[in-house]
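A.B. asks: Starting off with a structure, shown below.
The numbers here are math on the coordinates, done by the rules we state, and not lab data. None of the values given here were measured: they were computed from a predicted structure. Cβ atoms come from the backbone with ideal geometry, glycine included; neighbour counts cover every protein chain shown.
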Amino acid sequence: MDWKKLFAKLYIWLLLIVLYAPIAFIVIFSFTEAKSLGNWTGFSTALYQNLFNGSMQNASGLLSAVKNTLLIALVASVVATLLGTIAAIGIFHLHGTKKQTMTFLNNIPMINPDIITGVSLFLLFVFLGISQGYTTVILAHITFCTPYVVLNVMPKLRQMNPNIYEAALDLGATPAQAFRKVLVPALRPGMISGFILSFTMSLDDFVVTFFTRGTIGLDTLSTYIYTDARKGGLTPELKPLMSIIFLIILVVLLVINIRQSKQLEKKA
Amino acid sequence: MSQNDVIIKVEHLSKSFGDKTVLDDINLEIKRGEFVTLLGPSGCGKTTMLRFIAGFNTADEGKIIMEGKDITDVPPFKRPLNTVFQRYALFPHLDVYDNIAFGLKLNKVPEEEIDKRVMKVLKLVSMSDYEDRDVESLSGGQQQRVAIARALINQPKVLLLDEPLAALDLKMRKDMQIELKEMHKKLGITFIYVTHDQEEALTLSDTIVVMNEGKIQQIGTPTDIYNEPVNAFVADFIGESNILKGRMIRDRRVAFIKHEFDCVDEGFGEDVKVDVVVRPEDIYFTTDPAKCQFKAKVNSCIFKGVHYEMWVDTDTGYELMIQDYDPYPVGSEVMLYIDPDDIQVMKKEREANTYAAKVTGEGEVEFLGTTFACDTTGFEEGDEVVATIRFEKVDLLDYEEEADTTGNVVFILYMGNHYHLTVKTESGENIWVDTNDIWDKGDFVGIKILPEDIRLSKPAAGNE
């Protein structure tokens with residue numbers, strides 16, 4: 001083997017190790033009982049058992065944080081998918097500078113730092129006098145998710161035959177029927193990837209949630225873990241929890257990838 | 001024509017996108033059961049007009065009346081007509097059967113009846129046994145058949161077709177033309193067909209509507225349009241033609257290419273300038289000096305499959321195109337004649353460029369959105385005048401610096417010994433130019449008019 005190839009292989013492996021070592025670290029140490037991270041006291045599934053039978057400290061707090069996270073992510077991504085799809089259709093049918101302006105305005109929130117989004121939404125909610133809690137967190141998540149849906153649906157609109165909506169109207173479908181029976185199926189792949197992206201972005205969010213959750217003690221996983229870590233170290237049972245979340249995301253990603261490559265095969 | 005025979009009536013239809021007028025006061029009546037073609041170059045407004053009839057475009061002004069009812073404000077899904085789109089517009093997520101059954105399923109037609117009707121239209125478009133196929137696995141021609149079946153299954157009173165064959169290859173297109181014509185005969189419904197292909201229009205239509213720049217140029221049967229074009233645009237657009245400047249000497253006598261000919265046209269008046277159209281297949285060769293009307297020299301001769309296409313230089317310095325089954329060698333002297341029947345005389349649309357203008361100062365006049373220097377003797381600042389410039393006095397330049405204004409060449413006519421150009425200026429108005437220089441359609445040109453070539457006159461009273 002020549003040096004170039006060897007170097008390339010070493011480089012990619014080094015990169016993968018740097019990327020995945022922290023995760024591997026958490027997963028490995030979720031199978032031991034030690035309280036402090038990095039201490040291996042022999043293989044055990046005790047932490048997993050504690051997590052599921054609720055015998056850990058503040059189990060109810062964790063459970064409600066998980067529930068909140070999923071609920072917020074679900075509501076926010078469903079609403080963002082609907083809003084984003086409709087917005088994409090609108091922007092797609094604009095012309096010239098109007099279209100450019102709208103596309104530009106849609107892109108800004110995506111590159112805007114979370115801290116600015118969080119603080120400005122916080123100020124807006126205070127200004128509008130909306131009491132902070134579920135509503136504000138969901139609204140905030142919808143705000144930063146919607147542009148990603150627009151971004152995912154737009155290419156599907158470009159690929160679509162521009163006349164199919166009109167063809168449906170022509171055959172007697174009302175605008176609502178044409179939207180449901182023709183537009184949505186044509187845009188579905190874009191809507192699904194927009195939805196998944198929104199869902200993971202919402203799950204993942206800390207900064208915006210932190211600024212908009214108010215003082216009623218609403219916790220999502222990320223804020224719960226943050227508070228927990230600041231109160232005398234990370235609860236050990238969070239390690240198995242994070243491993244499980246990682247596993248679920250991995251499975252979802254694999255399923256999406258396999259589905260996509262199957263669709264490509266079918267077309268070819 | 002009784003009102004009952006008219007199925008669709010378009011009244012005073014006008015439409016602009018921004019400051020571009022796409023349709024300009026269109027009036028049209030379409031008879032029941034007719035095969036009508038809207039024919040014209042791209043951008044002439046034909047597709048916009050079809051979309052207006054289908055209900056996808058709203059008009060700035062005008063009405064559409066179907067079977068006596070005003071349907072201007074009826075949405076497309078409530079209009080009793082169906083459309084075949086240019087690029088098929090089949091629903092990619094549905095198979096052939098579900099594409100065709102789409103309209104019936106919306107109307108909650110019982111399943112057995114849907115089944116029966118789908119099989120029937122599939123047979124009509126020769127696509128039986130294709131019902132389970134994925135539409136994306138079909139060829140262009142097959143997709144077009146499915147699109148036609150999908151439109152026909154709702155039993156529309158009028159079928160609209162927007163360049164349905166444009167995406168097919170030549171052989172397929174010819175076959176589909178014949179099938180469409182047969183379908184039209186069999187179904188007996190009205191077809192409104194949009195195309196830019198004059199041959200297709202001549203083959204298919206009962207009536208052709210020739211359009212250009214948002215206006216209807218001529219309505220007639222294919223033979224009318226071909227044999228008796230009303231203006232130079234129609235003559236040039238439909239088939240090959242020699243378009244020449246002429247002068248009506250009196251009824252049934254016309255002069256062009258510096259020779260006099262008998263013709264069959266009357267009512268133009270005496271000594272009136274006209275345009276003359278002679279089709280290339282209507283100029284005949286003869287060896288009989290008594291029959292010969294003028295002489296010419298063969299300049300080029302090309303075999304075109306069925307006939308030969310020859311360019312000849314007449315003894316008076318004009319170039320004419322002739323089509324004949326027999327070739328004549330290049331360089332040979334030939335004797336030619338034209339039958340009176342085959343000379344089509346057209347009223348001249350204009351004899352010079354005329355613009356409403358305004359004197360803006362001593363030796364300065366404003367029109368075409370800019371100011372020109374010219375002799376303003378006899379007029380005062382602020383006077384409304386008419387500026388007249390002869391076609392041959394307009395100079396076209398290929399640079400802007402010395403030009404008075406600029407424009408784009410939009411239409412070119414060869415008139416036997418010079419080109420007659422239509423140039424759309426920056427202001428959106430047209431200027432017509434006679435020139436010997438060769439320009440291409442779409443060329444960006446500078447326009448220059450010398451001060452002594454602009455004639456000013458008082459506007460005709462009450463004619464504004």
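A.B. asks: Once the Cβ-Cβ distance between B:Ile249 and B:Asp398 is put in as r, and R0 is 35 Å, what FRET efficiency do you end up with, to the nearest 0.05?
C.D. replies: According to the calculation, E is roughly 0.30.
A.B. asks: Label-point separation (nm) for B:Tyr325 and B:Glu61, each offset 7 Å from Cα along Cα-to-Cβ?
C.D. replies: 5.3 nm
A.B. asks: Further question on the same structure: Past the 29 Å Cα-Cα mark, which pairs from B:Lys69/B:Lys215; B:Lys20/B:Lys63; B:Lys69/B:Lys105; B:Lys20/B:Lys441; B:Lys46/B:Lys181; B:Lys186/B:Lys347?
C.D. replies: B:Lys186/B:Lys347
A.B. asks: To continue, here is another question. Aspartates and glutamates within cross-link reach of B:Lys157: Cα-Cα under 12 Å, excluding same-chain residues under 8 positions apart?
C.D. replies: Once the sequence-local aspartates and glutamates are set aside, what remains near B:Lys157 is B:Glu34, B:Glu67.
A.B. asks: Angle, helix A:96-111 long axis vs. longest principal axis of chain A, Cα atoms, 0 to 90°, nearest 10?
C.D. replies: Compared with the principal axis, the helix lies near 10 degrees.
A.B. asks: What dipole magnitude, in Debye to the nearest 20, does chain A give about its Cα centre under +1 on Lys/Arg Cβ and -1 on Asp/Glu Cβ?
C.D. replies: In total the dipole reaches around 660 debye.
A.B. asks: With the crude spin-label approximation of a point 7 Å out along Cα→Cβ, what separation in nm comes out for B:Ile178 versus B:Val264?
C.D. replies: For B:Ile178 paired with B:Val264, the spin-label model returns 3.2 nm.
A.B. asks: Let me ask something else about it. For chain A, set up a GNM with springs between Cα atoms under 10 Å and report which of A:Leu221, A:Leu254, A:Leu187 has the largest fluctuation.
C.D. replies: Its mean-square fluctuation being the largest, the pick is A:Leu254.
A.B. asks: Ok, one more. Using the Cα centre of the protein assembly as shown as origin and beta-carbon charges of +1 (Lys, Arg) and -1 (Asp, Glu), tell me which of B:Phe261, A:Met154, B:Ile238 is placed farthest towards the positive end of the dipole.
C.D. replies: Checking the options against the dipole of the protein assembly as shown, the answer is A:Met154.
A.B. asks: Turning to a different aspect of this structure: At a Förster radius of 51 Å, what calculated FRET efficiency corresponds to the Cβ-Cβ distance of B:Met119 and B:Lys424, to the nearest 0.05?
C.D. replies: Calculated value: 0.45.
A.B. asks: Grab the DSSP H runs of chain A that are 4 residues or longer, score each as -39,500 (n - 2.57), total them, divide by all residues and round the 222 nm result to the nearest 500 deg cm²/dmol.
C.D. replies: Dividing the helical sum by the residues of chain A leaves -25500 deg cm²/dmol.
A.B. asks: Cα axis of helix B:140-152 to longest principal axis of chain B: angle in degrees, 0 to 90, nearest 10?
C.D. replies: Once rounded, one gets 70 degrees.
A.B. asks: Angle check, please: helix A:59-92 long axis (alpha carbons) against the longest principal axis of chain A (alpha carbons), in degrees 0 to 90, nearest 10.
C.D. replies: Tilt relative to chain A: about 20 degrees.
A.B. asks: Starting from the Cα of B:Leu187, step 7 Å along the direction of its Cβ; do the same at B:Gln155; then give the gap between the two resulting points in nm.
C.D. replies: Between B:Leu187 and B:Gln155, the label points sit 1.3 nm apart.
A.B. asks: How high is the FRET efficiency from B:Lys69 to A:Gln177, r the C-beta distance, R0 22 Å, rounded to 0.05?
C.D. replies: Taking R0 as 22 Å, the efficiency between B:Lys69 and A:Gln177 is 0.35.
A.B. asks: Cross-link candidates for A:Lys239: which lysines have Cα within less than 24 Å, leaving aside residues fewer than 8 places away along the same chain?
C.D. replies: Cα-Cα hits under 24 Å: A:Lys35, A:Lys67, A:Lys231.
A.B. asks: Follow-up question, since we're still on this one. Taking θ = phi - 60°, what integer Hz values does the Karplus form 6.51 cos²θ - 1.76 cosθ + 1.60 yield along the stretch A:222-231, in sequence order, with x for Gly and Pro?
C.D. replies: 5, 6, 4, 5, 4, 5, 4, 5, 6, 8
A.B. asks: Where in the stretch A:58-102 is the amide nitrogen less than 20 Å from a point lying 7 Å along the Cα-to-Cβ axis of A:Thr135?
C.D. replies: So the set is A:68-69, A:71-80.
A.B. asks: Where in the stretch A:134-148 does the amide nitrogen come within less than 13 Å of the point 7 Å from the Cα of A:Ile216, taken along Cα to Cβ?
C.D. replies: Answer for this model: A:134-139.
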